[in-house]
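Data first, discussion second: the structure below is written as C-alpha cells.
The values are calculated or read from the model by the stated rules, or taken from the named source; none is laboratory data. Note that this is a predicted model, so its numbers are computed, not measured. Here the Cβ positions follow ideal geometry from the backbone for every residue, glycine too, while neighbour counts run over all protein chains shown.
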Amino acid sequence: MNSWVFCCVVFVAAARGCSGQCRFPPSLWCSSFEIAEKCQVTSQCKEWTYPSINEAKPVNFTLYYESLCPDCRNFFEGQLNLAYTKVGGIMNLTLVPYGNARERQIGRKWEFECQHGKEECVGNIIETCAIYLVKNITVYYPFIHCMETTDGLPEDAAAKCASKFKGIDLDKIMGCSKGSLGNELEHQMALQTNALQPPHTYVPWVTLNGVHTEDIENKAETDLVNLICQTYQGPKPAGCKKEENNQLHSCQRN
Ligand SMILES: *[C@@H]1O[C@H](CO)[C@@H](O)[C@H](O)[C@H]1NC(C)=O
Ligand SMILES: *[C@@H]1O[C@H](CO)[C@@H](O)[C@H](O)[C@H]1NC(C)=O
Ligand SMILES: *[C@@H]1O[C@H](CO)[C@@H](O)[C@H](O)[C@H]1NC(C)=O
C-alpha cells in the first residue's frame, strides 16, 4: 500500500468519527474483510488494497412472476424485499413480469392473456416498461416493489408509486406500456419465461444462478437472505450475519 493510499484510508476513517466497534490500529484496517467492515473502510480497502475481493460474482437470482398473483405479491413484500434490503449488494436480481400469461400473434402485435385478467397484463407491461426505461434496478426496484404491494388497479398503483420515488417518469412508462414498444418488450418477457428449463408450473418461480429446483424454490420462499448468502462465493457482507448486532453504536474508548 503506498503512503498516499494509506493516508487516504486513514483520513476517510477518521472523518467517519468514532466507531465503537473498530478496535484495531489503522495498519490493520485492510487486513481482513471483517475488520474493514468494523472500521467502516470496506469500500476504500476494496478499491485500493484487495481488489481481488471484488472478483466474487453476485448471485444471479431471477423472479418469474405476474403482477396480480397473491403469492407473488407476498413474495415481494416478504422474502424478496428482505433480501434486496439486506444483501442486495451480492445479488443480481432480475425481474420477469409475465408468469402464467399466454400470448398469440395477431398481425404485427402480440395479444396477451393473463391469469388474473386484463388488469394483470396492464400491470406486467407497466413493470416491464419501467425495467426497460429506467434500467438501473436501484431506481426501478422500489417502484415495482411499491406497485406489487399497493392494492387497486395497476395504473393507479403506478401513478401513486411514481410520485413516491425519484427517477420514475410516469408519462414515459405509461406511454411505453400502451404502445408497440411495451407490446414488443412484453413479448420478450414471454420468450424468456417460455425458455425456462424445466418449464415453470407455478408462480412465483425462481432461478438461482440459472437453476430451478424444488429445494431452491422452498429455500427462497422461506429464507431468501440465507439462500443468497450461502450461494455467494465471496466474503459474507454484514447482512448475512444471523444475529442482529445489538451493540451500541456509540463512542467507546478502546
Ligand atoms: C450470472 O449470469 C451471468 C450472465 O449469464 C454470468 O456471466 C455469470 O457468471 C453468472 N453468475 C454466477 C455467479 O453464476
Ligand atoms: C445479471 O443478470 C443479467 C441477466 O439476468 C445478466 O445479463 C448480467 O450479466 C448479470 N450480471 C452479473 C454481474 O452477473
Ligand atoms: C443507480 O442509481 C443509484 C441511485 O440513484 C446510483 O447511486 C447509482 O450510481 C446508479 N447506478 C448506475 C450504474 O447508474
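The rows are residues; the columns are (1) modelled with pLDDT of 95 or more; (2) exposed (fewer than 14 other Cβ atoms within 10 Å of the Cβ).
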residue: Arg23; (1), (2): no, yes
residue: Cys30; (1), (2): no, no
residue: Ile35; (1), (2): no, no
residue: Cys45; (1), (2): no, no
residue: Asn54; (1), (2): no, yes
residue: Tyr64; (1), (2): yes, no
residue: Pro97; (1), (2): yes, no
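Given the condition under 22 Å from Gly179 (Cα atoms), part of a helix (DSSP H, G or I), without any contact (Cβ under 8 Å) to a residue 24 or more places away in the chain and not hydroxyl-bearing (Ser, Thr, Tyr), answer yes or no: does some residue in region 102-119 qualify? Yes, that holds for at least one residue. The set of residues in region 122-146 that are closer than 17 Å to Gly175 by Cβ, of a type outside the set (Ser, Thr, Tyr) and either within 16 Å of ligand 1 (Cβ to nearest atom) or in a helix (DSSP H, G or I) (or both) comprises Val122, Gly123, Asn124, Ile125, Ile126, Glu127, Cys129, Ala130, Ile131, Leu133, Val134, Phe143.
Residue check: Asn218 meets all listed conditions (1) over 30 Å from Gln105 (Cα atoms); (2) in contact with a Cys (Cβ under 9 Å, 6 or more places away or on another chain); (3) in the same structural domain as Cys114 (by TED's automatic domain parsing) but one, namely (2).
Considering only residues that are away from ligand 1 (no atom under 16 Å from the Cβ) and small (Gly, Ala, Ser), look in region 59-101 and name the one that is farthest from Thr128 (Cα to Cα). Walk me through how you get there before you give the answer.
We begin by selecting, within region 59-101, every residue away from ligand 1 (no atom under 16 Å from the Cβ); these are 65-82, 84-86, 97-101.
Subset that is small (Gly, Ala, Ser): 67, 78, 99, 101.
Details: Ser67: 10, Gly78: 21, Gly99: 12, Ala101: 14 Å.
Only one residue tops the list, namely Gly78.
Please verify whether Ala220 is under 17 Å from the mean Cα position of the chain (by Cα) and modelled with pLDDT of 95 or more, treating the condition exactly as stated. So Ala220 fits the description; yes. So which pairs qualify, if the first residue must be in region 121-144 and under 25 Å from Arg104 (Cα atoms) and touching a residue at least 12 places away in the same chain (Cβ under 8 Å), the second must be among the charged types (D, E, K, R) and within 16 Å of ligand 2 (Cβ to nearest atom), the Cβ gap must be under 9 Å, and the two must be at least 6 apart or on different chains? From residues that are under 25 Å from Arg104 (Cα atoms) and touching a residue at least 12 places away in the same chain (Cβ under 8 Å), there are no pairs. Just to be sure before I move on: is Gln192 over 18 Å from the mean Cα position of the chain (by Cα), at pLDDT 95 or above, within 16 Å of ligand 1 (Cβ to nearest atom) and surrounded by 10 or more Cβ atoms within 10 Å (Cβ to Cβ) in the structure I sent? Yes; evaluated as a whole, the condition is true for this residue.
Restricting to region 119-171, name every residue that is at positive phi and within 16 Å of ligand 3 (Cβ to nearest atom). Within region 119-171, Lys135, Gly167 qualify. Look at Thr85 and say whether it is within 16 Å of ligand 3 (Cβ to nearest atom) and not in a helix (DSSP H, G or I). Answer is no for this residue. Among the residues of region 181-195, the ones that are among the small types (Gly, Ala, Ser), over 13 Å from Leu133 (Cβ atoms) and in a helix (DSSP H, G or I) come to 1 in all.
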